[in-house]
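Just below is one structure, and these are the notes that go with it.
Every number here is computed from the coordinates shown, using simple stated rules; none is lab data. Note that the coordinates shown come from a computational prediction; the quantities given were computed from them, not determined experimentally. Here the Cβ positions follow ideal geometry from the backbone for every residue, glycine too, while neighbour counts run over all protein chains shown.
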Amino acid sequence: MPKYTVVTMPGDGVGKVVLPEALRVLDAVGFDAEYVHADIGWEFWVKEGNALPQRTIDALAQHRLGLFGAITSKPKDKAAAELSRELHGRGLVYYSPIVGMRQHFNLDVCIRPCRSFAGNPLNFVRRSSQGGVDEPQIDVAIFRQNTEGLYAGVEWTNPPQEVRTAFETHPKMKAFTQVPSEDLAISTRIFTRRGCHRIVRAAFEYAAKHGYGSVTVCEKPNVIRETSGMMEEEARKVHKDFPQIELWSTNIDAQMMWLTKNPEDYGVIVSGNMFGDIVSDGFAGLVGGLGFAASGNIGDEVAVFEPTHGSAPKYEQLDPPIVNPLAMILAACMLLDHVGESERARRIRDAIASVVRTGRVATYDMLRLTGGPEVTRQGAASSTQMTAAVLAEL
């Protein structure tokens, strides 16, 4: 019997392209696993009114490990319009299946490593003081609280009277008392002390395990005083258990400036849901973009790993496929680390590093080409060719 069972969820668009490439690499490195396919994404919203079917939830509950490709997500009005005709009028509302998965299984710890590979033409560079070009080595891990904050989904357009009455007990709501409810939308940013403590402690533990010298809380406590303030308070508590690691604090707006000035200064960064999403994409842009950005969603029992890019449906049917599979392969490496197969993960990362460093094989994004069927004629590697190069290094 295989040692592991992994639920594979290709999802939409290029998720169906890149996930099989990651499985090729896992097989080549000798990962002893059985793969169980599960349905997720836009097709199942249109046909069934549910982008995250119960059968997929059941499979994850049973096997506890998942590899996820990508999803298509659209505003609620467009989503409702695309439902199958027989589902119209049932009051169905589209919710992101990955957000639903995170909340259902309380996958509250999100890890997004952003490490630069030497030789990547997409790496961040800056002018040195001597007038030359400086390319700093970037190695940052963003810890994002994954289930609370603005993504918790507690929001209203045209809020019911009881909600409005409750909000109007706050003195700052006086500015909105004359706004009709039908012209009012409210989204809440909810933090819990437990959620803040868990994500901060996970960040410090990761920093200690991997030799990072600092943990930075990236929030906005000077303006969003209550929620950001709670995150900062819990960070100070946890820091007492890790005195060898420095605790830094940055505001999200200033952080977005500093990450393009001195990105090599940062080690582990921890944020709430929205700010973690923002800062992780910012750092991903410095190390090659979303073609190199992987993410882990980790709870007490279930863990799901994914690239952070979207579904890019316009590229799904191209033959040969052109999307960069490395983010999906790096997500598979995160899965290996999670189950204690870190040596296999190291071998894959080393193989990727070698492919990138030599530069003989590069996908269209690495060559700064506009995506389309002609890019392979312009020298870009296909998805399968990039995977083949990694396999050759292995």
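Here is how the numbers come out for the structure above:
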{"quantity": "Per-residue HN-Hα couplings for region 266-281 [Karplus 6.51, -1.76, 1.60; θ = phi - 60°; Hz; x = Gly/Pro]", "calculated": "9, x, 9, 10, 10, 8, x, 4, 5, 5, x, 5, 5, 5, 5, 5"}
{"quantity": "Local electrostatic count at Leu286 - Lys and Arg +1, Asp and Glu -1, tallied over other residues with Cβ under 15 Å", "calculated": "-3"}
{"quantity": "Those residues of region 307-350 whose amide nitrogen sits under 15 Å from the label point placed on Glu205, 7 Å along Cα→Cβ", "calculated": "338-340"}
{"quantity": "Using a Förster distance of 22 Å, the FRET efficiency for Asn106-Arg236 (Cβ separation, nearest 0.05)", "calculated": "0.35"}
{"quantity": "For region 77-91, Karplus couplings with θ = phi - 60° (6.51, -1.76, 1.60), whole Hz, Gly/Pro x", "calculated": "5, 5, 5, 5, 5, 8, 4, 4, 4, 5, 9, 5, x, 9, x"}
{"quantity": "Relative contact order, percent, the chain [alpha-carbon distance under 8 Å, six or more residues apart]", "calculated": "22"}
{"quantity": "Region 1-57: relative contact order as a whole-number percent, Cα under 8 Å and 6+ apart", "calculated": "39"}
{"quantity": "Lys, Arg +1 and Asp, Glu -1 on Cβ, resulting dipole of the chain about Cα centre, debye, nearest 20", "calculated": "420"}
{"quantity": "log10 of Debye I(q)/I(0), alpha-carbon scatterers only, for region 313-394 at 0.18, 0.24 Å⁻¹", "calculated": "-0.74, -1.09"}
{"quantity": "5 angstrom amide H check on Gly288, placed H, neighbours 5+ away", "calculated": "Phe124"}
{"quantity": "Cβ-Cβ FRET estimate between Thr260 and Leu367, R0 fixed at 25 Å, reported to 0.05", "calculated": "0.65"}
{"quantity": "The chain: antiparallel DSSP beta bridges as a percent of all, rounded to 5", "calculated": "45"}
{"quantity": "Contact order normalised by residue count of region 271-350, Cα under 8 Å, 6+ apart, percent", "calculated": "25"}
{"quantity": "Note, ³J(HN,Hα) from phi for region 210-223, Karplus 6.51, -1.76, 1.60, rounded to Hz, x at Gly and Pro", "calculated": "9, x, 7, x, 8, 10, 10, 7, 10, 9, 8, x, 6, 10"}
{"quantity": "Sites Thr157 and Thr177, calculated FRET efficiency, Cβ-Cβ separation with R0 22 Å, nearest 0.05", "calculated": "0.75"}
{"quantity": "5 angstrom amide H check on Trp248, placed H, neighbours 5+ away", "calculated": "Val215, Thr216, Val217"}
{"quantity": "Cα→Cβ-extended label distance, 7 Å offset, between Ser187 and Arg126, nm", "calculated": "3.1"}
{"quantity": "Inter-label distance, nm, simple model (7 Å from Cα along the C-beta direction), Thr358/Glu168", "calculated": "7.0"}
